[in-house]
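Here the structure comes first, spelled out in structure tokens, and everything after it is commentary.
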Amino acid sequence: MHHIKPCNQTKHTITFSPHSTLTPEQGNGSLTFGVKAVEVKIEVSDSVEGNVILLSEDIIQELQIPLTCSYDILLNDNLIRIGPFIGILTELTDKKVEQMLFTYKSFVKRYQQIGGAILVFSLESIHTEQQTISGFLYQPEHESWKYGTFPYPATVMTILEASLTSKYKNFHDKINHLTSVLGPKVFNFPHFSKWEMHKILLPKFDHVLPQTTLYQEPNDISHMLHLYKSIYIKPINGRLGKRIFKVVQTADNIAVSFYVNHSKHVKSFSTQQEMMSFFQANLPPYMYVVQQTIPLMTYDDRMIDFRVMMIKNEWGLWDNLGVYSRYGAKGQLVSNITAGGQTEMASATLKNVWKLDSEEIEEVLLKINTLVKEILALFEQQGYHLANIGFDIGMNENRKLYVIEINHQNPDPYIALKANNRHAFYLARYKNMMYAKYLEGF
């Protein structure tokens with residue numbers, strides 16, 4: 001790592017030590033930080049310490065380089081790059097970012113290995129015309145954050161939960177803008193809906209998918225219910241198990257279960273027409289999918305599925321950071337931890353619920369790992385740039401696997417903490433940051 005110090009005796013000059021690990025040629029060159037670049041004069045001086053780089057103050061001001069951070073330096077002929085400069089889009093507003101600053105320490109826990117400038121910011125603070133971002137810059141010396149305005153970072157990771165807010169379109173517009181400027185250095189944002197995901201997977205992975213159709217009119221629900229007797233209706237861009245309906249047909253009636261403000265509601269209909277009138281009034285067309293109910297394993301009246309944490313690492317390769325069982329709360333429609341579910345490592349559940357021995361457990365985990373990596377390969381073959389994925393995998397009592405959902409918006413590694421695997425939680429954050437650094441070439 002290198003430290004940058006200002007020099008007021010020169011103009012548009014960068015000065016290296018001859019004892020530095022870098023050996024630039026003196027002359028004219030170009031210096032970049034984030035998305036900005038300037039022409040510089042390159043000098044070497046014995047008066048500069050080995051890990052120090054002197055920059056003339058006019059360059060520091062023009063590139064808005066924070067001097068409180070440590071940096072890696074890349075040399076390519078006379079092109080000099082200072083970095084990394086990583087931005088993390090976390091909330092809709094600056095006020096909310098400030099309230100949540102203490103939670104972002106998990107991203108900088110291993111700053112000495114990451115280095116560079118790390119900026120957390122909100123959606124409202126992306127200034128597209130000026131190509132600047134206002135946000136909180138990490139101060140490694142004091143382990144604190146300081147507000148300021150900076151040029152666009154070189155990479156941007158988003159953990160913003162925008163899909164259930166009124167700012168979803170604004171979120172997409174600004175992410176698309178950032179992508180147009182940064183190229184494939186923006187990651188962890190939703191590329192496709194549940195319906196689009198289903199269509200991508202269907203040709204090759206139909207054997208692990210629940211039967212699914214796009215909701216266009218109430219007849220779609222009636223048709224699926226006739227085929228399967230138990231179905232789920234899910235928003236195509238939903239998250240966290242919200243706005244989900246479960247519909248079950250019995251000999252006597254049709255029961256529709258759903259939650260409003262964490263309170264469960266059940267409506268019973270004696271005819272198909274009554275049910276269809278209910279959904280006609282409550283579901284906008286083309287915004288939901290209708291799926292057959294997967295025969296998941298249950299334990300103590302709690303449904304069980306598995307979350308697989310897949311993270312791109314510092315070499316741009318996928319790492320599996322754990323398979324976690326999710327036990328839904330009793331009577332819940334979903335297994336989400338946010339809806340009252342509990343979690344543990346999948347190996348424990350496979351042993352205690354499925355009654356598998358060690359060899360059988362390894363076989364199941366290998367099968368799950370192979371499946372998710374094959375799906376990720378398909379996404380990447382089709383041009384999707386992904387880096388942080390949560391797979392929700394179901395398995396019945398006969399060990400048949402199902403792909404329930406693929407969360408590519410922000411699969412928070414918090415589930416690892418709930419399963420008493422703190423190492424995996426912090427490792428996921430670290431790999432997020434190291435992948436961002438890898439994208440910058442450092």
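The values are calculated or read from the model by the stated rules, or taken from the named source; none is laboratory data. If you're wondering where the values come from, they're calculated on a predicted model, not measured in any experiment. Because the Cβ atoms are built from the backbone with ideal geometry, glycine has one as well, and the counts that use them run over all protein chains shown. Keep in mind that these areas ignore ligands, DNA and RNA; they rest on the heavy atoms of the full protein, side chains included. Shrake-Rupley method; radii C 1.70, N 1.55, O 1.52, S 1.80 Å.
A few remarks follow.
- For the range 174-195, filtering for residues that are surrounded by 13 or more Cβ atoms within 10 Å (Cβ to Cβ), part of a helix (DSSP H, G or I) and not basic (Lys, Arg) leaves 7.
- Considering the range 383-442, and only residues there that are of a type in the set (Lys, Arg) and part of a helix (DSSP H, G or I), the residue that is farthest from LYS199 (Cα to Cα) turns out to be ARG422.
- Considering (1) among the small types (Gly, Ala, Ser); (2) farther than 28 Å from LEU182 by Cα; (3) open to solvent by less than 10 Å² (accessible area, probe 1.4 Å), the lone condition that SER20 does not fulfil carries the number (3).
- Inside the range 65-87, residues that are open to solvent by less than 60 Å² (accessible area, probe 1.4 Å), in a loop (DSSP other than H, G, I, E, B) and in contact with a Lys or Arg (Cβ under 9 Å, 6 or more places away or on another chain) make up a count of 2.
- Test: ASP319 is among the charged types (D, E, K, R), closer than 25 Å to TRP195 by Cβ and surrounded by 15 or more Cβ atoms within 10 Å (Cβ to Cβ): no
- Subset of the range 157-171 that is open to solvent by less than 50 Å² (accessible area, probe 1.4 Å), of a type outside the set (Val, Ile, Thr) and in a loop (DSSP other than H, G, I, E, B) - its residue that is farthest from MET433 (Cα to Cα): SER163
- Scanning the range 202-233 for residues that are under 18 Å from ASN282 (Cα atoms), open to solvent by less than 40 Å² (accessible area, probe 1.4 Å) and in a loop (DSSP other than H, G, I, E, B) gives a single hit, TYR215.
- Residue count, the range 400-436 (criterion: at positive phi and modelled with pLDDT of 95 or more): 0
- GLN280, sole failed condition from (1) on the phi > 0 side of the Ramachandran plot; (2) in contact with a helix residue (DSSP H, G or I) (Cβ under 8 Å, 6 or more places away or on another chain); (3) open to solvent by 50 Å² or more (accessible area, probe 1.4 Å): (1)
- Only residues that are part of a helix (DSSP H, G or I), of a type in the set (S, T, N, Q) and touching a residue at least 24 places away in the same chain (Cβ under 8 Å) were counted in the range 45-64, giving 0.
- Here the condition is being aliphatic (A, V, I, L, M) and under 32 Å from the mean Cα position of the chain (by Cα); of ILE65, ILE60, ILE14, ILE53, it holds for ILE65 alone.
- The range 258-277: number of residues that are modelled with pLDDT of 90 or more, open to solvent by less than 80 Å² (accessible area, probe 1.4 Å) and closer than 30 Å to TYR168 by Cβ: 3
Here is a yes/no grid of residues against (1) more than 25 Å from LEU55 (Cα to Cα); (2) in contact with a His (Cβ under 7 Å, 6 or more places away or on another chain):
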| residue | (1), (2) |
| --- | --- |
| SER70 | no, yes |
| MET100 | yes, no |
| LYS105 | yes, no |
| GLN112 | no, no |
| MET157 | yes, no |
| TYR168 | yes, no |
| GLY183 | yes, no |
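- Residue satisfying all of: in the range 234-255; without any contact (Cβ under 8 Å) to a residue 40 or more places away in the chain and in contact with a helix residue (DSSP H, G or I) (Cβ under 7 Å, 6 or more places away or on another chain); surrounded by the fewest Cβ atoms within 10 Å (Cβ to Cβ) among these: GLN249
- Whichever residue in the range 116-156 is outside any strand (DSSP E or B) and open to solvent by less than 40 Å² (accessible area, probe 1.4 Å) and, among such residues, is farthest from GLY183 (Cα to Cα): PRO140
Residues checked against (1) under 30 Å from MET434 (Cα atoms); (2) in a strand (DSSP E or B):
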| site | (1), (2) |
| --- | --- |
| TYR286 | no, no |
| GLN291 | no, yes |
| ILE294 | no, no |
| ILE304 | no, yes |
| MET309 | yes, yes |
| GLY316 | yes, no |
| SER325 | yes, yes |
| ALA329 | no, no |
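- Yes/no for GLU161 being acidic (Asp, Glu) and touching a helix residue (DSSP H, G or I) at 6+ places or on another chain (Cβ under 8 Å): no
- Only a single item in (1) of a type in the set (A, V, I, L, M); (2) at pLDDT 90 or above; (3) out of contact with any Lys or Arg (no Cβ under 7 Å at 6 or more places or on another chain) is not met by ALA162, and it is number (2).
- Single residue of the range 295-306 satisfying the filter (surrounded by 13 or more Cβ atoms within 10 Å (Cβ to Cβ) and at pLDDT below 90) that is farthest from LYS400 (Cα to Cα): ARG302
- Of all the criteria given as (1) of a type in the set (Gly, Ala, Ser); (2) surrounded by fewer than 22 Cβ atoms within 10 Å (Cβ to Cβ); (3) in contact (Cβ under 8 Å) with a residue 24 or more places away in the chain, the one not satisfied by GLY383 is (3).
- Taken as a whole, the condition of being surrounded by 14 or more Cβ atoms within 10 Å (Cβ to Cβ) and either among the acidic types (Asp, Glu) or in contact (Cβ under 8 Å) with a residue 12 or more places away in the chain (or both) does not apply to ALA348.
- The one condition in (1) closer than 24 Å to GLN113 by Cβ; (2) open to solvent by less than 70 Å² (accessible area, probe 1.4 Å) that THR15 fails to fulfil: (1)
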